[in-house]
Amino acid sequence: MANLKELSQRTVKFTAGHRACAGCLPAVALRQVTLSADYPIVVGFATGCMEVVSTIFPYTAWNVPYIHVAFENVAAVMSGVESAYKALKKKGKINEEIKFIAFGGDGGTYDIGFQALSGMAERGHDVLYICYNNEAYMNTGIQRSSATPFGAQTSTTPVGSVEFGKKQFPKDLTQIMVAHGIPYVAQASVHNWKDLNMKVEKALKIKGPKFINILAPCTLGWRYPAEKGIEIAKLAVETCVWPIYEVENGKYKINYKPREKKPVIEWLKTQGRFAHLLKPEYQHLVEEIQKEVDRRWEHLLELAGT
Amino acid sequence: MKVMALTGNEAVAEAMRQINPDVVAAYPITPQTELMHRFTEFVADGLVDTEMVLVESEHSALSATVGASAAGARAMTATSSQGLALMWEILYIAAGLRLPIVMPVVNRALSAPINIHGDHSDTMGARDSGWIQIFSENAQEAYDNTIIAVRIAEHPDILLPVMVTMDGFIISHTMERVEVLDDDVVKNFIGEYNPKYKLLDVKNPVTMGPLDLQDYYFEHKRAQAEAMENAYKLIKEIDEEYYKISGRRYSYVEPYEIDDADIILISLGSTAGTIKDVVDELRLKGLKVGGLKIRVYRPFPRDEIKEFLSNASVVGVMDRAIAFGSPCGPVCLDVKASLQGTSLSNLPIVNYIYGLGGRDITPKDIIKIFNELEKVRISGEVPNLPRYVGVRGEENYIEQKAKLKIKN
Ligand SMILES: Cc1ncc(C[n+]2csc(CCOP(=O)(O)OP(=O)(O)O)c2C)c(N)n1
Ligand code: SF4
Ligand SMILES: [Mg+2]
């Protein structure tokens, strides 16, 4: 595993000068992932915030080959790129060892791009798929996705006199990817660069489809002061709202078990999107969230055999 | 060269075997299915080096083809109807990214109601998507056009994707005599694919598909329009080269008995063959009729259309698709637009919509069309709304309109 000094000396693949908001943690996730990849890489991107902020013609933040085609198809596009690589390598037209990384937001991964992702996984393409999960469609103005937490206020799940925000718990996409039986699936959080670096390095060594779901807070959509993002990401892990774990060939490993699980309210109260839940009339919703977080955590512990 | 008995699908699969694409992505849809059955047999028998990507939808089929092509590989896919409709978003992107993808399209009607048979609604829906479109009259042409398309698409002054179409079932499932070139002749003709920019050139990284706003988007689109103009100029040179290796000379439009023809009937695809037979028959009876087949539909052969219609008295245009709400069918629109502002702008043109959902178009139907056009020639009365050919109730409808004195 590369240490901080080594990482800092590598050529930056996702460079500064892009147009992400100050305090944008998806941008940090991109930098960490690409720095951890100590190979020549080709990057594919789904439409979304990070695509938009990183490549406004004639500028590009990408120091590596990059392609963006559409919102829902990055997994299919990278399936094609990887197949081209296989074909050209077979013919002796390419000799380098190249790695392929597909990036999508939660919208481009959990929702509209899910079919293509499932197809890529089933066909066994040698691609690392990274979901930078900021828990809503940020690029189009903070609409709910199937990754948006229960109770969160978004532009399409506004809080009104009869509504309290999103009414569904997020889809557990990481588990769905585990169910695909692919060799490597992990959850990571942007606050723990060491863990993320380890996961990317490990994933890139494995042949076949890999999936890493990274929680990456968005200052605009979650409504918190720009400098608080890392703390908030950390809280997500400490409250077990977002456990970090990996599943290698079906074997679970929880990478961080909080000694004392913090109550979910600690996480909720850091973000404007949950502000309404702090009112006494919504106390029962907070309890409901706590229950679901506990249930999922217990289930994960069970899966990990602990 | 060898002569083989092949269906249209098999003929195109044979062309694909000889092209030996690096990557083929595909998803099944009738009537394209047999094409990919045959091609995957070639893959299974090691007759091609192709990486076959059997995707989970046509949207992904074209997306994977786009990825492969951008990576630097020669990449193909094929589809029909709903599959092409599902690709719609990526059609524009493939063209906008200037990727030289070749895609056979086996023409089929669009839902609803669902129907698996041949008409041109699918391809016509994609006519302005930035793809070059070449129509084939028979299996031989489908084979030849597929090979020629590789050279057109990859020409450095064109770099546009190409659709090669054939009528579903009528061509795709009919066994014909097809002259197949030798493998090495095709290999030499298409040459190696070595694009200037490719994702797999990791030492020279490029960003493909960036956000392109008010300050540059328009220039890029303008350049794309220019590429289509270049195609219009350059396809003839590639056709000429193909003639040299095959002895078959193709042109943007193919005139048939047109020199002294008063009445000319324009068509695309397999119907052109039927029209040729009818022209022969009517010529024996002394009628001065001719046919004009459009092979290259995008870029539209506007100058050739003008040239070949210059001595006509009346023109009929056959459309195997409806452009709903438009004054006439898509081919007719293009023909009329090409003549507008020229000495032919008053040439009487009648539009015939026919054959939807695979409805047969018979020599009898075409004789009727020529007879009607002859009446138009004599009377000078030109119906300016489309005529629907071979559809139940249409005769009554026209009679009724006559009774009610509704013009057209
Ligand atoms: C087919 C299609 N539908 C909708 C859109 C509009 N759109 C672009 S980005 C986006 C949201 C992206 O959300 P996500 O994937 O979560 O990425 P984020 O912006 O949050 O980083 C949407 C809805 C589109 N570009 N294409
Ligand atoms: S809106 Fe959110 S995800 Fe998008 S650039 Fe800003 S902080 Fe990053
Ligand atoms: Mg998002």
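The values are calculated or read from the model by the stated rules, or taken from the named source; none is laboratory data. Keep in mind the model is a prediction, meaning the values are calculated, not measured. Glycine also receives a Cβ, built like all others from the backbone with ideal geometry; neighbour counts cover every protein chain displayed. Ligands, DNA and RNA are excluded from the accessible area calculation, which covers all protein heavy atoms including side chains. Shrake-Rupley method; radii C 1.70, N 1.55, O 1.52, S 1.80 Å.
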- Query: Do you know which residues across the range B:218-273 are in a loop (DSSP other than H, G, I, E, B) and over 16 Å from B:ARG298 (Cβ atoms)?
  - Reply: B:GLY247, B:ARG248, B:ARG249, B:GLU257, B:ILE258, B:ASP259, B:ASP260, B:ALA261, B:ASP262, B:SER270
- Message: For the range B:56-85, which positions are more than 11 Å from chain A (Cβ to nearest Cβ) and open to solvent by 10 Å² or more (accessible area, probe 1.4 Å)?
- Response: B:GLN82, B:ALA85
- Message: Contact list please: Cβ distance under 6 Å, first residue in the range B:303-316 and buried (at least 21 other Cβ atoms within 10 Å of the Cβ), second residue modelled with pLDDT under 95, pairs at least six apart or on different chains.
- Response: none
- Task: Pick out the one residue from B:ILE353, B:ILE406, B:ILE366 that is part of a helix (DSSP H, G or I) and either free of Cβ contacts under 8 Å to residues at least 40 places away in the same chain or not assigned by TED's automatic domain parsing to the domain that holds B:ASP167 (or both).
- Result: B:ILE366
- Query: In the range A:181-191, which residues are assigned to a loop (DSSP other than H, G, I, E, B) and away from ligand 1 (no atom under 16 Å from the Cβ)?
  - Reply: A:GLY181, A:ILE182, A:PRO183, A:HIS191
- Message: Of all residues being in a loop (DSSP other than H, G, I, E, B) and open to solvent by 10 Å² or more (accessible area, probe 1.4 Å) in the range B:23-47, which is nearest to B:ILE171 (Cα to Cα)? Just the residue, please.
- Response: B:THR30
- Query: Does the range A:62-74 contain at least one residue that is away from ligand 1 (no atom under 12 Å from the Cβ), open to solvent by 10 Å² or more (accessible area, probe 1.4 Å) and part of a helix (DSSP H, G or I)?
  - Reply: no
- Task: Might you let me know whether the range A:33-50 holds any residue that is within 11 Å of ligand 1 (Cβ to nearest atom), touching a residue at least 60 places away in the same chain (Cβ under 8 Å), at the interface with chain B (Cβ under 10 Å from one of its Cβ atoms) and surrounded by 23 or more Cβ atoms within 10 Å (Cβ to Cβ)?
- Result: yes
- Of the residues that make up the range A:236-255, is at least one more than 30 Å from A:ILE41 (Cα to Cα) and either within 16 Å of ligand 1 (Cβ to nearest atom) or basic (Lys, Arg) (or both)? no
- Any idea how many residues of the range A:94-118 are open to solvent by 10 Å² or more (accessible area, probe 1.4 Å) and away from ligand 1 (no atom under 12 Å from the Cβ)? 7
- Item | Search result, residues across the range B:318-330 that are open to solvent by less than 10 Å² (accessible area, probe 1.4 Å) and in contact with a Pro (Cβ under 9 Å, 6 or more places away or on another chain) | B:ASP319, B:ALA321, B:CYS328, B:GLY329
- Message: Condition (residue is within 13 Å of ligand 1 (Cβ to nearest atom) and within 14 Å of another protein chain (Cβ to nearest Cβ)) applied to the range A:135-151: is it met by at least one residue?
- Response: yes
- Residue pairs meeting the criteria (Cβ under 6 Å; at least 6 apart or on separate chains; first of a type in the set (Gly, Ala, Ser), in the range A:134-163; second away from ligand 3 (no atom under 11 Å from the Cβ) and not in a loop (DSSP other than H, G, I, E, B)): A:GLY151/A:LEU277; A:GLY151/A:LEU285; A:ALA152/A:ARG273
- Of the residues that sit in the range B:240-270 and are polar (S, T, N, Q) and in contact with an Asp or Glu (Cβ under 8 Å, 6 or more places away or on another chain), which one is surrounded by the fewest Cβ atoms within 10 Å (Cβ to Cβ)? B:SER251
- Query: So which of A:PRO225, A:PRO149 ends up being farther than 19 Å from A:TYR110 by Cβ and within 16 Å of ligand 2 (Cβ to nearest atom)?
  - Reply: A:PRO225
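Residues are listed down the side, and each one gets a yes or a no for (1) free of Cβ contacts under 8 Å to residues at least 60 places away in the same chain; (2) over 28 Å from B:GLY247 (Cβ atoms); (3) within 14 Å of chain A (Cβ to nearest Cβ):
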position	(1), (2), (3)
B:VAL150	no, no, no
B:MET163	no, no, no
B:MET166	no, no, no
B:PHE169	no, yes, no
B:ASP184	yes, no, no
B:PRO195	no, yes, yes
B:ASN204	yes, yes, yes
B:MET208	no, yes, yes
B:TYR216	yes, yes, yes
- Message: Need a quick list: helices (runs of 4 or more DSSP H) entirely within the range A:192-279 having at least 3 residues that are surrounded by fewer than 22 Cβ atoms within 10 Å (Cβ to Cβ).
- Response: A:193-205, A:229-238
- Only one of these conditions is not met by A:ARG295: (1) in a helix (DSSP H, G or I); (2) open to solvent by less than 50 Å² (accessible area, probe 1.4 Å). Which number is it? (2)
- Message: All but one of (1) in a helix (DSSP H, G or I); (2) more than 24 Å from B:LEU54 (Cα to Cα); (3) more than 16 Å from ligand 2 (Cβ to nearest atom) hold for A:VAL52; state the number of the condition that does not hold.
- Response: (3)
